[in-house]
Amino acid sequence: MIESLRCAFRGVALVFRSQRNARIHAGAAALVAAAGAWLGLTRAEWCWIVLAIVAVWAAEASNTAVERLTDLVSPARHPLAGQAKDVAAGAVLIAAAGAALIGLIVLGPRVLAALPGAAGR
């Protein structure tokens, strides 16, 4: 079990070292977490935010795995290899769009309420 965890952590580290978008997603997650702490999210709201963040990171990790495996089995350009990579990248896009929507639903009203002059809204 310890070796499995070691491999998993090595994989996560590889994603963050090799994928610029993973680092961008991590920065966005940190900003959202800071905003959530500042706005005093409820437990239920945190569950949605954490789920959204985890979905994006899982999609990014899966995308990286598909890219690497595709490069291994098809070093030359092949239409199916390109399609596999495109679909994996599409999964990240879907997860990120969903996370952004969850962020707007959960954080949007609280941010608007926190703006100056929002007391009358």
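The values are calculated or read from the model by the stated rules, or taken from the named source; none is laboratory data. The structure presented is a predicted model; accordingly, all values stated were derived computationally and were not measured. Don't worry about glycine lacking a Cβ; one is built from the backbone with ideal geometry, like all the others, and counts go over all protein chains shown.
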Inset, instruction - Go through Val54, Val50, Val15 for me and flag whichever is buried (at least 18 other Cβ atoms within 10 Å of the Cβ) and of a type in the set (A, V, I, L, M). - result: Val15
Inset, instruction - Of the conditions (1) touching an Asp or Glu at 6+ places or on another chain (Cβ under 9 Å); (2) outside any helix (DSSP H, G or I), Val15 clears all except one; give me its number. - result: (2)
Inset, instruction - Can you give me the number of residues within region 67-111 that are in a helix (DSSP H, G or I), free of Cβ contacts under 8 Å to residues at least 24 places away in the same chain and touching a helix residue (DSSP H, G or I) at 6+ places or on another chain (Cβ under 6 Å)? - result: 5
Legend entry - From Ala28, Ala8, residue being at pLDDT 95 or above, more than 25 Å from Ala97 (Cβ to Cβ) and of a type in the set (A, V, I, L, M): Ala8
Inset, instruction - Give the number of residues within region 39-56 that are without any contact (Cβ under 8 Å) to a residue 40 or more places away in the chain and either in a helix (DSSP H, G or I) or closer than 19 Å to Arg20 by Cα (or both). - result: 6
Inset, instruction - Give the number of residues within region 57-92 that are among the aliphatic types (A, V, I, L, M) and within 17 Å of Arg23 (Cβ to Cβ). - result: 5
